[in-house]
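Below is one structure, written out as C-alpha cells; the observations come after it.
Each value in this text was obtained by applying a stated rule to the coordinates, not by laboratory testing. Small disclaimer: the values here were computed from a predicted structure and weren't measured. Here the Cβ positions follow ideal geometry from the backbone for every residue, glycine too, while neighbour counts run over all protein chains shown.
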Amino acid sequence: MRLILTMRLILTMRLGLISLFGAALLLTGCSSASSSNSYYLLNSYSAAGNASQGQIALNQGVEPSEKTNVGLTVQLAEYLNSPYLVMQINQHKLSYASFHMWAEPLADETLKALQLDLNAISKTLKFVPEAEALQANELAQLSIEIDYFYVTAQSKVVLAGRYQYHNKLEMEGKAKGRQAIEQTFTFEEPLEADGYSQSVTQMRSLLLKLAKQVAVNIER
C-alpha cells in the first residue's frame, strides 16, 4: 500500500514539473513573439528640410564669394558606440535600452547631423569630412568629442563634451585671425513626451544647438 502511494506521489510531482516546464516554454514563446526591436534614425527627411530652412533664414542676404573648407571629425565616448540607445539610471549607472536600437551607427549619424547643421548655419565656412579635407590638403580643422549623449531617468536629454578648432596658417602666423579655439559644451532639454522616439527628436535638437554655438564661436 505504501509503495502504491509513493508511486502515485512521484507521478503527481512529475506531472506537476512537466506542467510548469510547459507553462514556462509557453510564456517564453509569447514574450519572444511580442518583443521586437525598434530602430531609430537620428537624421530624417524632415530634419534635413528644417536645416535647409534654417540656412535660408540665417544666411539671407549673405553671399560670400568663397567659403573656407574645414575638416570635421566627431568622436563619441566608447560606451556610446553601442547599437542600443543609452539611458542614465542614476548618477553613476547607465543602462542600454533593450529592443531600442540605432538604425545606423550613432557616430556616423552624429557626424552627418553636425555637418548638415554647420553648413546650413555658417556664412564663411564649409564643413567636410576629415578624409575629404586631408585629400584636398585643407588646413582648417574642427574636432568634436562627445562624452554624454543620452536620455536620463529624470526625463532630460543631455549632450556634453568639447570641441577644438584650429587653422594651421593662423597658428603659424601666416594669416591674420584666431589661434586655436578650445571649448567645452553642455546642453540639456526636458522631454516633452514619453518614449524613445521623443528622446531621439530631442537629441537631434541638441545637436542643432551645438552647431549654432560652434559656428558663432569660430566665425567671430
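When each of the peptides 204-210, 78-84 is scored by how many other beta carbons lie within 10 Å of its residues on average, the order from highest to lowest is 204-210, 78-84. Over all other residues within a Cβ to Cβ distance under 15 Å of Ser155, the charged ones net out to -3, with Lys and Arg as +1 and Asp and Glu as -1. Counting charges near Tyr79 (Lys, Arg +1; Asp, Glu -1) among other residues having Cβ under 14 Å from its Cβ returns a value of -2.
If I take R0 = 45 Å and measure r between the Cβ atoms of Thr186 and Glu132 in this structure, what FRET efficiency does the formula 1/(1 + (r/R0)^6) give, to the nearest 0.05?
Working: r = 30 Å, r/R0 = 0.66.
Here the calculated transfer efficiency is 0.90.
May I ask for the net charge around Leu207, where only other residues with Cβ less than 12 Å from the Cβ of Leu207 are counted and Lys, Arg are +1 while Asp, Glu are -1?
Here the count lands on +1.
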